[in-house]
1. What do you reckon, is Phe101 without any contact (Cβ under 8 Å) to a residue 60 or more places away in the chain and either on the phi > 0 side of the Ramachandran plot or in contact with a strand residue (DSSP E or B) (Cβ under 8 Å, 6 or more places away or on another chain) (or both)?
2. Which condition does Ala34 not pass, out of (1) among the aliphatic types (A, V, I, L, M); (2) more than 30 Å from Leu120 (Cα to Cα); (3) surrounded by 11 or more Cβ atoms within 10 Å (Cβ to Cβ), if it passes all the others?
3. Among the residues of the range 83-114, which ones are in a loop (DSSP other than H, G, I, E, B) and among the charged types (D, E, K, R)?
4. In this structure, is Met149 modelled with pLDDT under 75, of a type outside the set (Lys, Arg) and under 30 Å from Glu89 (Cβ atoms)?
5. The conditions are (1) outside any helix (DSSP H, G or I); (2) not assigned by TED's automatic domain parsing to the domain that holds Ala10, and Asn38 fails exactly one of them. Which is it?
6. Among all residue pairs at least 6 apart or on different chains, which show Cβ distances below 6 Å where the first residue, located in the range 112-131, is farther than 16 Å from His81 by Cβ and the second is exposed (fewer than 14 other Cβ atoms within 10 Å of the Cβ)?
Amino acid sequence: TGRIGSDKNADLIIGIFSLFFTILIASPFVTLAAHFRNIKFLLIFFGTVFAVSFIIVFTPLGFPYTGNKSSPAPQRYWIIHTNRVFHNESGFEVRRDSGYFLLNMDRNSPNQVKSYVKELARARSLEDDCKNHLMCGLPIVHSKMAEIM
């Protein structure tokens with residue numbers, strides 16, 4: 001999902017831009033179609049564009065991930081096993097826990113990872129940790145991690 005973050009719905013944003021530019025670009029074609037006596041060629045052209053777009057979207061041609069050895073495009077995951085130790089103001093250990101920290105690289109990763117990391121079925125919310133601890137008490141090893149906190 002690029003620079004806007006993995007938690008945003010990029011499909012919705014792309015859809016809104018596509019709708020806007022389609023209306024912007026297609027509006028002159030309405031007057032152009034009014035000048036044609038036979039708009040069969042225009043309808044064939046738009047039908048072909050629609051069919052090609054449909055094929056690209058709903059077949060593996062447009063799928064973002066591939067396991068092809070010559071040109072791989074694997075789905076990326078950042079799964080970090082972390083051991084958290086919480087201390088109070090005096091420096092005494094208050095709590096200790098461990099688990100997996102999953103950084104979403106795109107919108108598909110949380111659902112795809114569940115089949116590989118069985119412990120995600122027992123995942124718990126970090127809402128209380130986020131209220132009481134800096135960066136939810138999680139290790140920040142990359143700047144993208146701070147964006148989703």
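The values are calculated or read from the model by the stated rules, or taken from the named source; none is laboratory data. Since this is a predicted model, take the numbers as computed values, not measurements. Heads up, the Cβs are rebuilt from the backbone with ideal geometry, glycines too, and the neighbour counts pull from every protein chain shown.
1. The answer is yes for Phe101.
2. Failing condition for Ala34: (3).
3. Hits for the range 83-114 are Glu89, Asp106, Arg107, Lys114.
4. yes
5. Asn38 satisfies all of (1) outside any helix (DSSP H, G or I); (2) not assigned by TED's automatic domain parsing to the domain that holds Ala10 except (2).
6. none
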